[in-house]
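The values are calculated or read from the model by the stated rules, or taken from the named source; none is laboratory data. Since the structure is predicted, the reported quantities are computational estimates derived from the model, not experimental observations. Reconstructed Cβ throughout: ideal geometry from the backbone, glycine too, with neighbour counts over all protein chains shown. Just the protein is used for accessible areas: all its heavy atoms, side chains included, with ligands, DNA and RNA removed. Shrake-Rupley method; radii C 1.70, N 1.55, O 1.52, S 1.80 Å.
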Amino acid sequence: MNEDLFEKLEKFSFSRELPTHDYLFELADRTAGILESESDVWRPCSEKKELGGLLDFTVKGFENLPAIIVPDLHARPYFIFNIMKFILPDNFIEEKTGISVYDALCQNLVRVICVGDLLHSELRGKERWLAAKDEFLEGNCTGENMASEMAEGLSLLSAVMELKCAFPKNFHILKGNHENIMNVNNHGNFPFRKFANEGEMVRIFMEEMYGDDVVMVIFCFENALPLLAALPSVVVSHAEPEVAFSKEQIINGMGNDFVVKALTWTGNDEAEEGSVLKMLKEFTTCKDPLDARYIAGHRPVSGKYFLRQDGLFVQIHNPEKQHIALVSKDRFFNPNTDIVSVVPE
C-alpha cells in the first residue's frame with residue numbers, strides 16, 4: 001500500500017485549508033495529461049483521432065474486474081476517504097477477505113468509477129452559500145464562507161485527481177454537469193445556480209485566489225473526462241440518458257453539445273422511454289439485456305436508490321448518505337443487496 005497517498009487522502013478528508021497554487025496547478029496538469037493519453041484499447045479515439053467519450057470495459061482483458069460505482073461526491077472529501085478504507089464483502093473479490101478498496105486498487109483487483117459532480121456542496125452547504133452570497137454582494141469574493149466551501153471542494157478535487165494519477169487504469173471519473181469550472185454556457189455545459197449563484201461564484205473565487213492558469217488547467221481536466229462507462233452487465237453515466245446513443249455516438253460525443261447535455265443534465269421524467277433498454281443492448285454483453293442495469297446519480301434520491309424505466313435504470317445519489325454500488329464480475333447487479341454504505345448507519 002502507498003502509505004504516503006493514503007495519509008494524504010486522510011488529511012484531505014478533514015482539511016479546512018486551501019491547496020497552494022503550485023500544488024493545484026501541477027496536480028491538475030498531470031491528471032489532465034493522464035486522461036488525454038488513456039489507452040485507446042478501452043477508451044477508443046473519435047473519428048477525428050481525438051479523445052473519445054467511452055470507457056469500454058467489455059473488451060477482452062479488461063472485463064474481469066469487479067467495479068465500484070461512486071455517486072455524486074459534491075465537495076465531500078471524507079466520503080472518498082471512507083470509500084478507500086471501506087472493507088469489501090468477502091465474496092466480492094475472489095480469494096480475498098478483509099481487503100479495503102484502497103488495497104484492492106493497489107493490487108489491481110478492482111475498478112472504481114465516479115459519476116462526477118466534484119464541486120459544490122449544494123443542500124449540505126446551503127446556509128454557507130447564502131452567507132457567501134452576502135459576502136460577494138459586499139465585494140468580498142474570497143471571504144470566509146466561500147473559502148470554507150472551496151477548501152472542501154478543492155480537497156475533494158485533489159483527492160480524486162491524486163487517485164486518478166496513482167491508479168490511471170482502474171480509477172475513473174465521468175463528467176457531470178458540475179464539471180464546469182469556468183461556468184460556461186456552451187458545448188453541453190450550462191451555468192449552475194441553486195441557492196446562490198454558485199457556478200459564477202466559484203469561477204470568480206478561483207480566478208482571484210489562484211489565477212487564470214489554474215482555472216484553465218482544471219478546465220482542461222474537466223474537458224478530458226469521459227461521458228460513459230460500459231461494463232459487461234452495467235452501463236454508467238452521470239445522468240439518465242435523455243435518448244439512446246450508439247457506441248459510435250458516445251465515442252465521438254466529447255465534441256457534441258447534445259450528447260454531453262443528454263448524459264449530464266437529464267432531469268427526472270425527461271428521458272425518452274426505452275432509452276435505457278436500447279443502451280443496455282448496445283453496450284453490455286448480457287445475452288438478455290433485461291439482466292443488465294444502467295446506474296447513474298445526478299438527481300437526489302431518498303433511501304438507497306430509485307428505479308426508473310421498468311427497473312432497468314438505478315439512481316443512487318443520496319446526498320445525505322455515503323452509498324456505493326458494488327458490481328460483481330460473476331453475478332448480475334441487485335440494488336437491494338449491492339448498494340452499501342461505507343460508514344455505519
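For the chain, the longest principal axis of the alpha carbon atoms and the long axis of helix 144-166 meet at an angle near 40°.
Counting 0.36 nm for each residue step from VAL243 to GLU320 and taking away their Cα separation leaves a gain of 24.8 nm. Could you calculate the FRET efficiency of ARG16 with THR142 from 1/(1 + (r/R0)^6), where r is the beta carbon distance between them and R0 is 22 Å, rounded to 0.05? Efficiency computed from Cβ-Cβ geometry: 0.90. Rolling a 1.4 angstrom probe over region 192-345 with all protein chains present gives an accessible area of which 49% lies on carbon and sulfur atoms.
Considering only Cα-Cα distances, which of the following residue pairs are longer than 20 Å: LYS169/LYS281; LYS247/LYS287; LYS261/LYS321; LYS49/LYS247; LYS175/LYS287? Correct reply: LYS169/LYS281; LYS261/LYS321; LYS175/LYS287. Quick note on region 51-98: its Rg to Rh ratio, both from C-alpha atoms and Rh being the Kirkwood radius, is 1.05. Across the chain, the volume of the C-alpha convex hull divided among the residues equals 125 Å³ per residue.
Kirkwood's formula applied to the C-alpha pairs of region 239-339 gives a hydrodynamic radius of 14.2 angstrom.
Across region 214-231, coupling constants 3J(HN,Hα) worked out from phi with the 6.51/-1.76/1.60 Karplus curve, θ = phi - 60°, read 5, 4, 5, 6, 5, 4, 5, 4, 4, 6, 9, 6, x, 9, 7, 10, 10, 10 Hz, and Gly and Pro carry x. Shape class of region 133-258 from the Cα gyration tensor (axes a ≥ b ≥ c, square roots of the eigenvalues): prolate, since a/c reaches 1.5 or more and a/b is larger than b/c.
Its DSSP H runs of at least 4 residues, each contributing -39,500 (n - 2.57), put the calculated 222 nm mean residue ellipticity of the chain at -11000 deg cm²/dmol, to the nearest 500.
Here the label points at LYS169 and ASP134, each 7 Å from Cα along the C-beta direction, are separated by 5.3 nm in the simple model. Loop-located GluC sites (Glu not before Pro) in region 247-320 (DSSP state not H, G, I, E or B) with no more than 11 neighbouring Cβ atoms inside 10 Å: GLU273, GLU320. Rounded, prolate or oblate, given the Cα gyration tensor of region 294-345, with a/c below 1.5 counting as rounded? Oblate, because a/c is 1.5 or more while a/b does not exceed b/c. With semi-axes defined as the square roots of five times the eigenvalues of the C-alpha gyration tensor, the equivalent ellipsoid of region 192-242 measures 30, 16, 6 Å, largest first.
Full extension of the chain between ASP4 and GLU36 yields a length gain of 9.0 nm, computed as 0.36 nm times the residue separation minus the alpha carbon distance. The angle between the Cα long axis of helix 126-137 and the main principal axis of the chain comes to about 40°, on a 0 to 90 degree scale.
With an 8 Å Cα cut-off and a minimum separation of 6 or more residues, compute the relative contact order for region 1-142 in percent.
Answer for region 1-142 is 23 percent.
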